Amino acid sequence: MRILICDDDKEIVELLSIYAQSEGHEVLKAYNGQQAIKKFEQADVVDVILLDVMMPIMNGLQVVKYLREYSNVPIILLTAKTDDVDKIRGLVTGADDYVTKPFNPIEVMVRIKKVTGRLSIRDDINSNDVINLGAILINTATKEVKNQRDELVPLTSAEYSVLLLLASNLGKIYSADEIYQEIWNSDESVSSKTVMVHISHLRDKIDKMTNGEKIIQTVWSKGYKIDEN
């Protein structure tokens, strides 16, 4: 993969670069938000971005907001803040995951594999190439979601994974914690909040592309599901 690593601490960039390159990945380096955007836009392909939150000139959240205007590239935030509100703010902005500093570089490499590999893992749930939910169609071969007008619903990797999990198990209720464990495969104190943010984004995007037709149902005090047509 080609990984863009951006942090104003050059030692962190170098450390993560060493680990990424040792696993055969190509690395692009940036040290502030403006450099990250420039590197991303100059590259033919970037498979995942590791992005520090607190940076001069342009911070990580500003970069995420800018990139989400036209790209769904997986983004993992590197944050020194441990406050749940700051983590949720990153997810609301459009990041896929976050790692709190200080971190073990091996953990970061694992997160990269999860955020880029969870799509193929979730695709194994259903052998059909297309899941028809009426208002939207999920093509598991191309990992695209479209409405009935053949217009693309622009989802991030995490949003796609949540949608595919529910769509592949129609009628089954998943709690927020269960969704978090299935998709992110880890235990976090803010797991339910993380899922709630992604569900909210997912609903907004689907509603916008389907004239408000509701796909994901909330089951009070239990979780979320998608009903059979």
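The values are calculated or read from the model by the stated rules, or taken from the named source; none is laboratory data. Predicted, not measured: the structure shown is a model, and the values here were computed from it. Reconstructed Cβ throughout: ideal geometry from the backbone, glycine too, with neighbour counts over all protein chains shown.
Below, the figures for the structure above:
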{"quantity": "Any hit, region 23-30, residues being assigned by TED's automatic domain parsing to the domain that holds LEU78, closer than 16 Å to ALA95 by Cα and touching a residue at least 40 places away in the same chain (Cβ under 8 Å)", "calculated": "no"}
{"quantity": "When residues of region 154-177 are limited to those that are of a type in the set (A, V, I, L, M, F, W, C) and part of a helix (DSSP H, G or I), the one nearest to the chain's Cα centre (by Cα)", "calculated": "ALA158"}
{"quantity": "Cβ-Cβ under 9 Å pairs, at least 6 apart or on other chains, region 193-214 side within 11 Å of VAL153 (Cβ to Cβ), far side acidic (Asp, Glu)", "calculated": "LEU202/GLU159; LYS205/GLU159; ILE206/GLU213; ASP207/GLU213; MET209/GLU151"}
{"quantity": "Residue check for LYS29: surrounded by fewer than 18 Cβ atoms within 10 Å (Cβ to Cβ) and in contact with a Lys or Arg (Cβ under 9 Å, 6 or more places away or on another chain)", "calculated": "yes"}
{"quantity": "The listed residue being of a type outside the set (Gly, Ala, Ser), within 16 Å of TYR160 (Cα to Cα) and modelled with pLDDT of 85 or more, out of ILE206, ILE183", "calculated": "ILE206"}
{"quantity": "Residue within region 46-57 that is surrounded by fewer than 21 Cβ atoms within 10 Å (Cβ to Cβ), without any contact (Cβ under 8 Å) to a residue 60 or more places away in the chain and within 23 Å of LYS193 (Cβ to Cβ) present", "calculated": "yes"}
{"quantity": "Pick from region 139-166, criterion crowded, with 22+ Cβ neighbours inside 10 Å and of a type in the set (S, T, N, Q), ranking: nearest to VAL115 (Cα to Cα)", "calculated": "SER157"}
{"quantity": "Segments classed as helices (runs of 4 or more DSSP H), wholly inside region 1-84, with at least 2 members that are at pLDDT 95 or above", "calculated": "10-22, 33-42"}
